[in-house]
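Peer 1: Provided herewith is a single structure, encoded as structure tokens, for subsequent inquiry.
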Amino acid sequence: MAAIAQPGAIVYLNGEWLPLSEARVSVLDRGFIFGDGVYEVIPSFGGRLFRPDQHLDRLDRSLAAVKMNNPLARERWRAVLNTLLERNGGGDQSVYLQITRGVARRDHVPIEPLTPTVFAMSSPVVRQNRQPVTAIVCEDIRWKWCQIKSIALLANVLMRLEAQERGAYEALLIRDGFLTEGAASNVFIVKDGVVRTPPHSKNLLPGITRDLIVELLARNHIPHAETSVSEAELRAADEIFLTSSVREVAPVVKLDDRPVGKGVPGPVWESVVSIYEQFRNAEVARAQAGAAA
Ligand code: PDD
């Protein structure tokens, strides 16, 4: 789980490197006033960003969807994020970046051209991959553009709070009778040996971890399908697992107080997580070797 950014943390704000405690944003920032911005969370393992290009591609898509230009070129982003990692001790971290439309007199429609606010921080994480989690089923109360990684996360926060109140970790979301995703993760089910996850649509975030898992399932000839999953199918699944940059591939062992399958992580999850870890470790080793060369 991501820890709160450490007291000694160095952050990036609008071209400057600052101690976290000195980083300040105007109260008129549209991120603060309207939640008008987008973000990314990129994991690092052993001091190397994992899949940065996939995250930065998604950032470009989020920005385009909210009619904002990317204030930094790809190479500049890479340099900023790598410096951020180094300045915060490298190792296993969770890198957070956020771009808002900028500071302006409060009006839904900004009148003058704005300078976006660009912020990035990094926090050490203790990896909890393989740690079983519990979940609840919850109505998906979000808007209709869930493919955008928007900083406006009130609905996600409320659904996670409901999960917490009911003693669970994650909320699995149902829209019109069908599973979309988790409040902060994508969801896979296993039924009769087939792994299934809802296809890309505006109802869910195209998770970088989700997409990698789908790729690895195909590469390893594990039966799978990107298809809709009804609430009944979710509840009757033999196995359920979540994916996210923070939790990686986590087995769900309890859903609404009922055990999923036998109530312990299942065999399909076990092979998927092993394949994923192998891939991740190989990528990290390659990145480390590349940097050393
Ligand atoms: N959340 N769906 C939602 C709604 C999410 O918020 C996330 C990740 C995912 C998984 O996407 P990825 O594999 O790219 O991390 C799916 C991040 C970690 C967060 O908000 O902290």
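Peer 1: Note down the magnitude of the dipole of region 1-84 about its Cα centre, charges +1 on Lys and Arg C-beta and -1 on Asp and Glu C-beta and zero elsewhere, to the nearest 20 debye.
Peer 2: Magnitude of the dipole: close to 180 debye.
Peer 1: Could you order the peptides 271-277, 86-92 from most to least packed, using the average number of other C-beta atoms within 10 Å per residue?
Peer 2: Highest to lowest by the protection proxy: 271-277, 86-92.
Peer 1: Okay, next question. Which aspartates and glutamates have a Cα less than 16 Å from the Cα of residue 262, not counting those fewer than 8 places away in the same chain?
Peer 2: 192, 238, 239, 270
Peer 1: Another question about this same structure. Please state the relative contact order of region 26-179 as a whole percent: Cα pairs under 8 Å, 6+ residues apart? Each step should come with its number before you reach the end.
Peer 2: On the way: 232 pairs, mean separation 43.0, N = 154.
It comes to 28 percent, rounded to a whole number.
Peer 1: With r defined as the distance between the Cβ atoms of residue 69 and residue 271 and R0 fixed at 35 Å, what FRET efficiency is calculated, to the nearest 0.05?
Peer 2: Details: r = 43 Å, r/R0 = 1.22.
The pair residue 69/residue 271 has a calculated efficiency of 0.25.
Peer 1: Something else about it: Once fully extended, how much extra length lies between residue 145 and residue 57, figured as 0.36 nm per residue of separation less the alpha-carbon to alpha-carbon distance? Before the final figure, lay out each step's value.
Peer 2: On the way: separation 88, 0.36 × 88 = 31.68 nm, distance 1.74 nm.
Going from the current span to full extension adds 29.9 nm.
Peer 1: Most fluctuating residue of 60, 192, 140 in a GNM of the chain with Cα springs under 10 Å: which is it?
Peer 2: Comparing 60, 192, 140 in a Gaussian network model of the chain, the most mobile one is 192.
Peer 1: Compute the angle between helix 154-165 and the longest alpha-carbon principal axis of the chain, please, reported from 0 to 90 degrees and rounded to the nearest 10.
Peer 2: Approximately 50 degrees, to the nearest 10.
Peer 1: Normalised by the residues of region 133-280, what does the relative contact order come to in percent, with Cα pairs under 8 Å and at least six apart?
Peer 2: 24 percent
Peer 1: Contour minus end-to-end for residue 158 and residue 258, with contour as 0.36 nm per residue of separation and end-to-end as the Cα-Cα distance?
Peer 2: That works out to 33.8 nm of additional length.
Peer 1: Moving on. For the chain, set up a GNM with springs between Cα atoms under 10 Å and report which of 262, 254, 149 has the largest fluctuation.
Peer 2: The residue with the greatest mean-square fluctuation here is 262.
Peer 1: Still on this model: Defining a contact as two alpha carbons under 8 Å apart and six or more residues distant in sequence, what relative contact order in percent does the chain show? All intermediate terms of the calculation are to be shown ahead of the outcome.
Peer 2: Values: 554 pairs, mean separation 54.0, N = 293.
Answer for the chain is 18 percent.
Peer 1: Can you list the chymotrypsin sites (Phe, Trp or Tyr not before Pro) in region 132-241 that are in a DSSP coil and have 14 or fewer other beta carbons within 10 angstrom? Don't skip to the answer; put the middle values down first.
Peer 2: Values: sites: 143, 145, 169, 178, 188, 241; in loops: 143, 145, 169.
Passing sites in region 132-241 are 143, 145.
Peer 1: What angle do you read, to the nearest 10 degrees and between 0 and 90, between the alpha-carbon axis of helix 74-87 and the longest principal axis of the chain?
Peer 2: Helix 74-87 sits at roughly 80 degrees to that axis.
Peer 1: Calculate the length of the line joining the C-alpha centroid of region 65-122 to that of region 195-234, in whole Å.
Peer 2: Measuring centre to centre over Cα atoms gives 29 Å.
Peer 1: Quick one: helix 267-292 against the long Cα principal axis of the chain, what's the angle to the nearest 10°, folded into 0 to 90?
Peer 2: 30 degrees
Peer 1: Taking the Cα-to-Cβ direction at residue 191 and at residue 283 and moving 7 Å from each Cα, how far apart do the two end points lie in nm?
Peer 2: 2.9 nm
Read-outs: derived from the displayed coordinates by stated rules, not from any lab. Quick caveat: nothing in here was measured; it's all calculated off a predicted structure. Don't worry about glycine lacking a Cβ; one is built from the backbone with ideal geometry, like all the others, and counts go over all protein chains shown.
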